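Can you read through this structure? Questions will come right after.
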Amino acid sequence: MEKTTQTTITPEDAVKVFLKPCQFVNGVAREDQLPTNDVPEIAFIGRSNVGKSSLINAVVGQNNIARTSKTPGRTQQLNFFTLDESFYIVDFPGYGYAKASKQHINTWNKLMMQYLKGRIQLTKCFILIDSRHGVMKNDEEMMTLLDDVAVPYELVLTKTDKVKAAYLEKVKRETQDIISKHAACYPVLQATSAEKKTGIDEVRLRILKIAAILPEDHN
């Protein structure tokens, strides 16, 4: 369940959070390297090449804080970022990249399960879905995994500038139907484009609500 607060905040105050410099905290390859701070963590998870790094960069307003690459599977650890030390953004390794070595895949999977099952600070996950393809098999497998470990999550469509409006509406309808079948999935679907900055403010607002910087009923 998301934390809420009675503290009020103006839209201008909310914007100021994301005007602050985003800082890389550390890269985690083992469970004992996880930060010890007791602050909310919001994880970004998705298939390799879903546009995860580009979306994180757009959300924090910096071009290169999360490294982007044309080579899928570049992120090979949990990368932690913060804007004002009141919450962390966690960049997960991409999944579904068949050319990654078995050793890397096993290492990623082990760290992921340790983090998802035992991390009290993990407040919510954003699962990113490529709007060109919709929810694929391994996306739904990740959704089922989060259902099983009782980690709340919500879906975010990426690369919406790459598809036509009619197709995007079809993908939205199909995705909403899938959301309704998953117990831990919050019934909100954000449609974004990192390139066009579409939906970025909405994702920022969700982060502030999830991290209890904004109350859930703030408009």
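The values are calculated or read from the model by the stated rules, or taken from the named source; none is laboratory data. From a predicted model like this one, the values you see are computed outputs, not experimental measurements. Neighbour counts run over all protein chains shown; Cβ positions are idealised from the backbone, glycine included. Just so you know, the surface numbers come from the protein's heavy atoms only, side chains and all, with ligands and any DNA or RNA stripped out. Shrake-Rupley method; radii C 1.70, N 1.55, O 1.52, S 1.80 Å.
Note down the nm distance, to one decimal, between modelled labels 7 Å out along Cα→Cβ at N37 and at D147.
That separation, rounded to one decimal, is 3.4 nm.
Treating the beta-carbon of each Lys and Arg as +1 and of each Asp and Glu as -1, no other charges, what is the dipole magnitude of region 85-135 about its Cα centre, to the nearest 20 debye?
Working: 7 positive and 3 negative charges, 52 e Å.
That gives region 85-135 a dipole magnitude of about 260 debye.
Ok, one more. Find the centroid of the Cα atoms in region 154-219 and in region 19-59, then give the distance between the two in whole Å.
Spelled out, the Cα-based centre of one part sits 18 Å from the other.
Another question, if that's okay. Using a 1.4 angstrom probe and counting only protein chains, how large is the accessible area of D147 in Å², to 10?
Rounded to the nearest 10, the figure is 40 Å².
Separate question: Around T158, with a cut-off of 11 angstrom between Cβ atoms, what is the net charge of the other residues, counting Lys and Arg +1 and Asp and Glu -1?
Working: positive: R47, K52, R132, K159, K162; negative: D130, D161, E195.
With Lys, Arg at +1 and Asp, Glu at -1, the neighbours total +2.
Next question, about the same structure. How much area per residue is accessible in region 63-205 when the probe is 1.4 Å and only protein heavy atoms are counted (Å²)? Let's see the in-between values first.
Values: 7410 Å² over 143 residues.
Per residue, region 63-205 has 52 Å² of solvent-accessible surface.
Less than 14 Å Cβ to Cβ from N37, Lys/Arg counted +1 and Asp/Glu -1: what total charge do the surrounding residues give?
Values: positive: R119; negative: D38, E41, D84, E85.
Summing Lys/Arg as +1 and Asp/Glu as -1 gives -3.
Taking a probe of 1.4 Å, how large is the accessible area per residue of region 16-59, in Å²? All intermediate terms of the calculation are to be shown ahead of the outcome.
Details: 1940 Å² over 44 residues.
Value for region 16-59: 44 Å² per residue.
Let me check something: with ligands and nucleic acids excluded, how do S101, S48 order by accessible area (1.4 Å probe), largest to smallest? Mind showing how you got there, number by number?
On the way: S101 50, S48 20 Å².
Result, largest first: S101, S48.
Give the lysines reachable from K117 as a straight Cα distance under 28 Å; neighbours fewer than 8 places away on the same chain don't count.
Partners within reach: K3, K52, K99, K102, K137, K181, K209.
Show E174, E195 ordered by accessible area, largest first, where the area counts protein heavy atoms only and the probe is 1.4 Å. Don't jump to the answer; show the numbers that get you there.
Values: E174 90, E195 115 Å².
Ranking E174, E195 by accessible area, largest first, yields E195, E174.
May I ask which residue of V149, T160, I179 lies farthest towards the positive end of the charge dipole of region 135-183, with charges of +1 (Lys, Arg) and -1 (Asp, Glu) on Cβ and the Cα centre as origin?
So the residue furthest toward the plus end is T160.
Using every pair of alpha-carbon atoms in region 89-140, split the distances into 5 Å bins beginning at 0 and state the percent of pairs per bin, rounded to integers.
Result returned by the calculation: 4, 15, 25, 24, 21, 10, 2.
Here is a further query. Using per-residue counts of other Cβ atoms within 10 Å, averaged over each peptide, order 185-192, 23-30 from highest down. Each step should come with its number before you reach the end.
On the way: 185-192: 17.8, 23-30: 13.6.
Packing proxy ranking, top to bottom: 185-192, 23-30.
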